Structure formats: C-alpha cells, structure tokens
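Chemist: Can you keep this structure in mind? I'll have questions shortly.
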Amino acid sequence: MMNNKQVSALLNQLADLLELKGENPFKANAYRRAARAVENSRVALDELEKGPEELPGVGKGTAAAIRGIMETGRLEALDQLLEELPSGLPELMNIPGLGPKSIHLLNRELGVENKEQLEEALKQGKVRTLPGFGEKKEKKLLDGIQRMKRFTRHLLIHGLTVAETLRERLAEHPEVLQVEPAGSLRRMKETVKDIDLVVATKHPETVAETVVSMPEVIRVINQGSTKVSVLLRMGWEIQVDVRLVEPDQFISALHHFTGSKEHNVRFRQRAKEFGWKVSEYGIHDEDHEETFTFATEEEMYQKLQLPYIVPELREDRGEMDHQAEDLPQLIRAEDYRGDLHMHTRWSDGSASVREMALAARERGYEYIAITDHSRSLKVAGGLTPDDLKRQREEIDAVNEELDGITVLAGTEMDILPDGTLDFPDRVLKELDLVIASIHSGFKQDEETITQRVLNAVKNPYVHIVAHPTGRLLNRRDPYAIDLDRVFEAAAKTGTMLELNANPNRLDLNDRDLKRAKEAYGLNVTINTDAHSPEMMDFVRFGVATARRGWLEAGDVINTYSLEQLRQRLDYIRRNK
DNA sequence: GCCGTTTTCGGCCCGACTGTTTTCAGTCG
Ligand SMILES: Nc1nc2c(ncn2[C@H]2C[C@H](O)[C@@H](COP(=O)(O)OP(=O)(O)OP(=O)(O)O)O2)c(=O)[nH]1
Ligand SMILES: [Mg+2]
Ligand SMILES: [Mg+2]
Ligand SMILES: [Zn+2]
C-alpha cells in the first residue's frame, strides 16, 4: 500500500516530466499543488471519506490518478511519459541555467537526450545556433555540466552559524541600515538550500560590491542593482543570496524573502481579492496608484485582514485559512522546563551526572532525566542492570546535594532486532523514566520495524519512544515504519513520542508532529539527547521544529512542572 | 489540471538577472 508521501512523490515526478515534455506549465503546477495537498493531509489517502477530491487542488483527473496508484501502485500517466521521454532528459534540469523550455528545444532540434550528448553538441558549436542561445550560454552550460546542482541541503545549525557571521559583518558596513536573515533559515526549516539575507540601504551598489569582494567568495553567481548571489567557502560551500532594498521597503522585502514561496503565492492571491498587488516593494493599489509600505510584518497581515502569522508557520499548510483565534499559541523557549533524554560518562556521554545537572540548573530547568544507553549497545558502553543500580545511587547523591534541580533516573533502552526490549520489566519498573529506541536493524521491512516499535509503545514500563523514525538528516533515511499505527497505539496507551532536538535528527519532523496532534491528539516530548552539557543548547531546534508542527506549550510535556510530569509518568504506567 | 460571494471559461504571484534580442524569453528566487 502506498502512503501519502510516496503518492506525492509520484505526482511531483509527473509534474516535472510534463514540463519537460513542453506541456502547459499551469498543468504541471496543478499536479504539484495536488502533490503538496497529499503530503500535508492529516488523513491517509485511503481513509478520506469522499476520496482524494476532498483535498484542495485535487479534482476529478488527479483523484482518478491517485485511485489508480492506490490500486495498482503505478501512476499510468507517469509510466507513459517515462516510456516516451529519453531517460537522461530529467537530469538536465540539474544544470544551472537550463529549464524545461531549453531542454525541450535542445531535444527537438538537436536530438540531445542526456548530458553527454549535450556536452558534445556544445563542443561542436551546435547549441549556439539555436534561437536564444549564443556564445556566453554555451560556455555557461559547459561550466554547468561539470557543476550540477547540489542536492544535499545544509543543516539549519550550519546555516544559522554562517548567517550570523555575515549578518554581523554587513551590520558594520556604514551603508547598511538594517540586515536580517530570511528564507527557510528564518522559518527555521530543518535544512536550508542557501542563506537569504535582506539589507536596507541607500547605496545598494556599494553594498553589493562589499558582498562580492568578501574573502570567502568562490564565485559570483549574479550581481544586479537590487540583488547579488555568491558562492562562499565557509569550511564548506554555501550559496548566499542578498537582497538590497530602500529602507522603507525593508519590511515588505523581508516578508517576501522569508517566504515560503507557497505562502507568498497565497498572500498575493488574497491581496488580489482586495484589488491589490503584492511584491517585495509593498502592497500596491492599482486603482489609486498608491503603494503601501510597512513598519512591521504584523501590519502587512492586518492590511489583508489576516491574523499575524509567524515565519515558522509560513508554509501554506493551513495557516492562511485560519481565523486569529484558531491559530495555535505556539510553544516558546521559555515554556521549556526540563530535558528528559541525555547521556553521561556512564555510557557515551562526556560529562558526569552532576555536571549535567549543574548545566541544566544553570539553564533554569526544574528537572532532567539521565538516560544512558542499555547493555546491547556495546559501542556506546551500554549499562547493565547492575550499572543502573549503581548509577541510581550516584543520582540520589546528586539530588541530595543540589537544590533547584531534580534528576530522574532513566534509561535509553534498545529495542532489539527481534522486537524484544533490552531490559526485563523488573529492571524497568525501578526506573523513574524509561525511553525505548531503535539503534539496530534499520534495514528490516516495515511490518517488522513497526511491530518492534509497537512492542515498546505497549510495554507497561516504557514512557517514551525516542527518535521514532531513525532518520539522520543528509545521512540516513527514516527506516520503514507505519507511523499511523504507532500514533494510534501511542494515543491508546499514553506512551509519548519524542521530538529529538539534535539538529541531525529533528525526529519526529514538523509534518508528522502536526499530524500526530491534529489527527491523533498526541502530546510529545522534546529532548536534546545531549552527550555533553553544551548539547543541551539543541533545545532551540526542538522548540523551533515543534512550532513548525503547530504545537502549543500544552502539547509538550517538558513544559509541565515536576509535579505534573510525575503525574503524567505515573498515568502512563497505570493506563497500560 | 483546477477552480469560482462579481466567473463553469479563462485565468493561474510577481519581479530580477542574464543573454539574447532590438523589445523579450527563460530561469530563478
Ligand atoms: N513570490 C515568490 N516568492 C518566491 C518565489 N521563489 C522564492 N521566493 C521567495 C520566498 C522564498 O522563501 C525566498 C527565498 O527563496 P529560496 O529559493 O532561497 O527558498 P527558501 O529559502 O524558502 O528555501 P531553501 O531552503 O532555500 O530551498 O524567496 C516565487 O516563485 N514567488
Ligand atoms: Mg533559501
Ligand atoms: Mg535563495
Ligand atoms: Zn540518546
């Protein structure tokens, strides 16, 4: 059975191929819109009451196509196109400067079917004879073939570091009046393609010159009077887009450049209903030849009679269709009172229990849980039941010594490849907090892995399942797991699912968090999985991802007082 | 292909940069 994500991927691929074939781009976009609706749907496709056409942007045609996928696993229109189009054509889209129109032309006029043939045609000087092509484009494409577009996006944490460096540097420039990061970075998306910066200045050319002459610049991608893009080497290669505007346009430009694209489109459509036109320069009233500029983004939303929407929600995942009172009061960093997943030198951490407790108290936390690995995770120095007893004594001593922080004795216990748990119930029941998680057998099939996790969820002593999909951003895909069944079981048993705040994980992700809350009413727990005191800083990414998942403080048990937390932990065990 | 408190047909967000062109198309953000 295909899940929503797989169906969405097929529809997106169909859109790409339609465009390559030279079809109406609006038609391709219609499939993209449908693909997004499928991916963002809180309900699985086979459980939509009236079928796929319930989703916005899915009409008769696409609904039929989706039904076909659900029945046969194939998208017929896509299969046909794959048959019809040369298999090397789609990858040409990854050459910078080449789009569907040019590829179509190259294929039709020169018979180019892949990048090798394109290179040959370029070298033979055939390409420059085509309308719209010339010498410069020939050179640019030869260049571009060597340097296909990069696919690995940057971790948010790395993007934020680079952005902060650039922001500080530009802020010192005498002609720079204001500078702010925008784009996916400002929306705190888990990975970013590039760094987008908005600058207010009276002298854009001067600032642009400063940008392109920074020592880290490898290449100037383009440079005009209002925007400049450069490739930087900051330990690794990263693209930076700087948008330069007049001071009074700063807010409109920041809003535009923060996106997302899809949110911008909805925002602009909305403005058209008032007879206005939105661009990065403001909101323009065409009848009265008047352009409004703004002092705050709040005013921009107000102008369109919309509630203010924070950057993290600007993904067109429903935020434009809510009244002010229906938008969530998102969780804030200040709401967070304690971290329930961390490691010490007892396993693979770098600090002692006491050091972790002191660092947590320093952060203003009320409690933490020490959750070292269990015996089967030998590479991480997993603890035996005997170790746990001795560690409990150490934790008791730290609790005795320190005021203002409470340390819970816990474990991060392996869910073994055969689906059993690494400790028997009699060991677990002595612990204040039990986390279960998968660290092996990632390649097993969906049914096997789902059953392993369900075993843990149903165990009467397990409070939390950590990093439920096992993904490592840019490194390892999520293992095959049926999250809907896990969500259902979590709702029934009360077992919590984690949002692991490690910037390499952010697992559960924003979409799944939203679905877990809206379709299953789940609460979650945000934890850093810190292996050192500094790593507790990762909570920032956890809270940001929770906000992107539309979560409020009440949805996250780490906002509870110690008293409330203990009650919840008790409740989970009594309920099972 | 989808959609409709002015529409069941004719739009579908809007602008910058580049390279080609002598007024604009394609790509990208
Ligand atoms: N109105 C409009 N705005 C766009 C469009 N494409 C991009 N933008 C705006 C919104 C984006 O957030 C912003 C920056 O573009 P990027 O390509 O860098 O995308 P973004 O940063 O959102 O994601 P990324 O992680 O870079 O892929 O520019 C578009 O087609 N229309
Ligand atoms: Mg970006
Ligand atoms: Mg960008
Ligand atoms: Zn851990």
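The values are calculated or read from the model by the stated rules, or taken from the named source; none is laboratory data. Model, not experiment: these values are computed from the prediction. Neighbour counts are summed over all protein chains in view; Cβ atoms, including those assigned to glycine, are modelled from backbone coordinates with ideal geometry. Just so you know, the surface numbers come from the protein's heavy atoms only, side chains and all, with ligands and any DNA or RNA stripped out. Shrake-Rupley method; radii C 1.70, N 1.55, O 1.52, S 1.80 Å.
Chemist: Using alpha carbons only, how many angstrom separate the centre of region A:487-547 from the centre of region A:204-254?
Modeler: 35 Å
Chemist: Which order do the peptides A:412-420, A:156-164 come out in when sorted by mean C-beta neighbours inside 10 angstrom, highest first?
Modeler: Values: A:412-420: 20.6, A:156-164: 19.0.
Top to bottom by mean Cβ count within 10 Å: A:412-420, A:156-164.
Chemist: Follow-up. Which one of A:Y301, A:W276, A:H263 is farthest out on the positive end of the charge dipole of region A:259-327, using unit charges on Cβ (Lys, Arg +1; Asp, Glu -1) and the Cα centre as origin?
Modeler: Among A:Y301, A:W276, A:H263, the one farthest towards the positive end of the dipole of region A:259-327 is A:H263.
Chemist: Taking a threshold of 23 Å on the Cα-Cα distance, which of the pairs A:K389/A:K576; A:K227/A:K261; A:K5/A:K27; A:K149/A:K227; A:K27/A:K261; A:K458/A:K517 fall above it?
Modeler: Result: A:K389/A:K576 exceed 23 Å.
Chemist: Per the helix-only calculation at 222 nm, which mean residue ellipticity applies to chain A, given -39500 (n - 2.57) for every DSSP H run of n ≥ 4 and division by its residues, nearest 500 deg cm²/dmol?
Modeler: On the way: 21 runs with 236 residues, N = 576.
My calculation for chain A gives -12500 deg cm²/dmol from helical runs alone.
Chemist: Also, I was wondering about something else. For A:Y308 and A:S352, what is the calculated FRET efficiency with R₀ set at 56 Å and r taken between the beta-carbons, to the nearest 0.05? Present the calculation step by step, with values, prior to reporting the outcome.
Modeler: On the way: r = 45 Å, r/R0 = 0.80.
The value I calculate is 0.80.
Chemist: Let me ask another. Compute the long axis of helix A:25-40 from its Cα atoms, compare it with the longest principal axis of the Cα atoms of chain A, and write down the angle in degrees, 0 to 90, nearest 10.
Modeler: 10 degrees
Chemist: As I understand it, the value is the acute angle between the Cα axis of helix A:156-171 and the longest principal axis of the Cα atoms of chain A; what does it come to in degrees, rounded to 10?
Modeler: 60 degrees
Chemist: Cβ neighbours within 10 Å, averaged per peptide: list A:302-314, A:166-178, A:508-520 in order, most packed at the top. Before the final figure, lay out the partial values.
Modeler: Working: A:302-314: 17.4, A:166-178: 15.0, A:508-520: 21.3.
Top to bottom by mean Cβ count within 10 Å: A:508-520, A:302-314, A:166-178.
Chemist: Quick check: net charge around A:G51, other residues with Cβ under 13 Å of its Cβ, Lys/Arg +1 and Asp/Glu -1?
Modeler: Numbers: positive: A:K50, A:K60, A:R67; negative: A:D46, A:E47, A:E49, A:E53, A:E54, A:E71.
Overall, the nearby charge balance is -3.
Chemist: Find how many whole Å separate the alpha carbon centroid of region A:1-41 from the alpha carbon centroid of region A:562-576.
Modeler: If we compute the Cα centre of each part, the gap is 44 Å.
Chemist: Moving to a separate point now. Considering only protein heavy atoms and a 1.4 Å probe, what is the carbon-and-sulfur percentage of the accessible area of chain A?
Modeler: Details: 12470 of 26690 Å².
Result for chain A: 47 percent of the exposed heavy-atom area is carbon or sulfur.
Chemist: Cut-off under 12 Å on the C-alpha distance; same-chain residues fewer than 8 positions from A:K492 excluded. Which aspartates and glutamates are left, in chain and number order?
Modeler: none
Chemist: Also, quick follow-up: Quick one: which of A:534-543, A:249-258, A:141-150 comes out on top by average Cβ neighbours within 10 Å, and what's the full order, highest first?
Modeler: Details: A:534-543: 21.0, A:249-258: 23.0, A:141-150: 14.8.
Highest to lowest by the protection proxy: A:249-258, A:534-543, A:141-150.
Chemist: Continuing with this model, one more query. Considering Cα pairs under 8 angstrom that are at least six residues apart, work out the relative contact order of region A:4-150 and quote it in whole percent. Could the numbers behind the result be given before it?
Modeler: Working: 157 pairs, mean separation 30.1, N = 147.
About 20 percent, as a whole number.
Chemist: If you don't mind, there's one more thing I want to ask. Report P(r) for region A:333-575: all Cα-Cα distances, bin width 5 Å, range 0 to the bin holding the largest distance, values in whole percent.
Modeler: Per 5 Å bin, starting at zero, the Cα-Cα P(r) for region A:333-575 comes out as 1, 7, 15, 20, 22, 18, 11, 4, 1, 0 percent.
Chemist: Taking all pairs of different Cα atoms in chain A, averaging 1/r and flipping that mean, what Kirkwood radius in angstroms comes out?
Modeler: 26.5 Å
Chemist: State, as an integer percentage, the relative contact order of region A:333-575 based on alpha-carbon contacts under 8 Å between residues 6 or more apart.
Modeler: Details: 515 pairs, mean separation 47.6, N = 243.
For region A:333-575, the relative contact order is 20 percent.
Chemist: Once label points are set 7 Å from the Cα along Cα→Cβ at both A:E447 and A:Y571, what is their separation, rounded to one decimal in nm?
Modeler: Roughly 3.6 nm, to one decimal.
Chemist: For the pair A:V43 and A:K139, how long in nm is the line joining their label points, each one 7 Å along Cα→Cβ?
Modeler: Distance between the two pseudo-spin positions: 5.8 nm.
Chemist: If you don't mind, there's one more thing I want to ask. Just to be sure I understand: if I project the alpha-carbon convex hull of region A:337-422 onto a plane and average over all orientations, what area do I get in nm²?
Modeler: Values: hull surface 22.0 nm².
The number I arrive at for region A:337-422 is 5.5 nm².
Chemist: Restricting to Cα pairs below 8 Å that are 6+ residues apart, what does the relative contact order work out to for region A:209-368? Please round to a whole percent.
Modeler: Values: 186 pairs, mean separation 20.2, N = 160.
Reported as a whole number, the value is 13 percent.
Chemist: Can you pull the three principal axis extents for the Cα set of region A:291-372, in Å, largest first?
Modeler: 62, 25, 21
Chemist: Taking every pair of distinct Cα atoms and averaging 1/r, then inverting, what Kirkwood hydrodynamic radius in Å comes out for region A:1-159?
Modeler: Working: mean 1/r = 0.0572 Å⁻¹.
Value: 17.5 Å, from the Cα pair sum.
Chemist: Expressed as an acute angle from 0 to 90° and rounded to the nearest 10, what is the orientation of the C-alpha long axis of helix A:539-548 relative to the principal long axis of chain A?
Modeler: Roughly 60 degrees, rounded to the nearest 10.
Chemist: Classify region A:271-312 as rounded, prolate or oblate from the Cα gyration tensor: take a ≥ b ≥ c as the square roots of its eigenvalues, call it rounded if a/c is under 1.5, otherwise prolate when a/b beats b/c and oblate if not. Mind showing how you got there, number by number?
Modeler: Details: a/c = 2.26, a/b = 1.69, b/c = 1.33.
It is prolate, given that a/c is not under 1.5 and a/b is the larger ratio.
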